[in-house]
Amino acid sequence: MIGCDGTVQATVEVGGPARVRWSTDGRFAIAGTQKGEVWRVDTHGKVIWHTAIPVRKPRPISEPIKPVFSGVPIYRVGRVGPEHAYVGDIWLIKTSQGGILVDTGGVSAIADTWERIKSAGVDPGQIHYVLLSHTHGDHVGATYLWRSLGAKVVAPAPAAFPATWMIPTMNHYGIWVPCAIDMPLPLARPGDTTSFSLDGIDIQAIFAPGHSFDTVVYVMELGGKRIILAGDIAFHGANHILDRCWGDVPKARTVIKILREQVLPLKPQIVISGHDARENATEYWQEILRVSEEAVRKAETE
């Protein structure tokens, strides 16, 4: 601690570099180290308390995890516990060159996801891409960690704003580092589409903002099945699109139109959402659209 005259007033040894933040009233400072130790120091350099954040070992995996559906190389590598910062599912698409992650959950159980990826037969260092369904904290919180290992982040161009500023500073899923979008997809208006390839897999993206302003549906063929990755547009059966659009009727109508006119004609066989996975995807989404349209009609008459 240095006084106004430039002289050293006090020195506190915390074992290495630390990030320091003063309280708003200037009465104390909190220092956090790379080793996970936290210190509270008063204005005289006196240590008030010192603690080490506990480290939990990854949950052991007794046998290799299996694909969600037989013959389709998609593995569930998230959802390892009830912690709120990790509620979004993480999906691993196993490729001949390594793997693609669809969403990344939060950071609180990253070690468990790491072990599950290895259990699926993929070296975590060979995760080449992270494909984002939307930039809510429970789906993108750990993205910056995978990017630091070399994975390229793929998302609609509008995702750049929340991923680099809004969500890190206004996010109820925890604190995380801003993350750049390495491959911004040219999607701007609802219903916009684009096609691209990752690790030899051809993917079509259909822009369907509503649940978030950068929500996208991805369509691909895996294991001879047509797959749609739908994020949080709707899931768990009774959950309808108006609810997932936060009660915004015009947005819900737009998303319903996109699904009915652009997604269902593709006759998907499997749907992977942000929190669920189902076969019979076409029938499943027809029922979601029916319930959603009823909810919209009811909202418009109230």
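Overview of values
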item	result
Test: ASP112 is free of Cβ contacts under 8 Å to residues at least 60 places away in the same chain and within 21 Å of ILE65 (Cα to Cα)	yes
Of residues in segment 50-92 being in a loop (DSSP other than H, G, I, E, B), of a type in the set (A, V, I, L, M, F, W, C) and buried (at least 18 other Cβ atoms within 10 Å of the Cβ), the one modelled with the lowest pLDDT	VAL80
The lone exception for LYS35 - which of (1) in a loop (DSSP other than H, G, I, E, B); (2) touching a residue at least 40 places away in the same chain (Cβ under 8 Å) it fails	(2)
Residue selected from segment 128-159 under the condition free of Cβ contacts under 8 Å to residues at least 40 places away in the same chain and touching a Phe, Trp or Tyr at 6+ places or on another chain (Cβ under 6 Å), by the criterion farthest from THR104 (Cα to Cα)	LYS152
Members of segment 166-198 found to be of a type outside the set (S, T, N, Q), more than 25 Å from ARG244 (Cβ to Cβ) and modelled with pLDDT of 95 or more, listed by number	ASP182, MET183, PHE196, LEU198
Filter pass, ASP42 being in contact (Cβ under 8 Å) with a residue 12 or more places away in the chain, of a type in the set (Asp, Glu) and closer than 30 Å to ASP138 by Cβ	no
Residue identified as in a helix (DSSP H, G or I) and either open to solvent by less than 20 Å² (accessible area, probe 1.4 Å) or closer than 19 Å to GLY71 by Cβ (or both) among VAL291, VAL219, VAL296	VAL296
Residue count, segment 13-41 (criterion: of a type in the set (Asp, Glu) and surrounded by 13 or more Cβ atoms within 10 Å (Cβ to Cβ))	1
Long-range neighbours under 9 Å by Cβ, at least six apart or interchain, first residue aromatic (Phe, Trp, Tyr) within segment 181-197, second open to solvent by 70 Å² or more (accessible area, probe 1.4 Å)	PHE196/ASP202
Any chance ILE203 is of a type in the set (Val, Ile, Thr) and either in a loop (DSSP other than H, G, I, E, B) or at pLDDT below 90 (or both)	no
Segment 246-287 - residue that is open to solvent by less than 50 Å² (accessible area, probe 1.4 Å) and over 24 Å from the mean Cα position of the chain (by Cα) and, of those, nearest to ARG189 (Cα to Cα)	VAL249
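The values are calculated or read from the model by the stated rules, or taken from the named source; none is laboratory data. In this text, all values refer to a predicted model and were calculated from it rather than measured experimentally. Heads up, the Cβs are rebuilt from the backbone with ideal geometry, glycines too, and the neighbour counts pull from every protein chain shown. These accessible areas exclude ligands, DNA and RNA; they are computed on the full protein's heavy atoms, side chains included. Shrake-Rupley method; radii C 1.70, N 1.55, O 1.52, S 1.80 Å.
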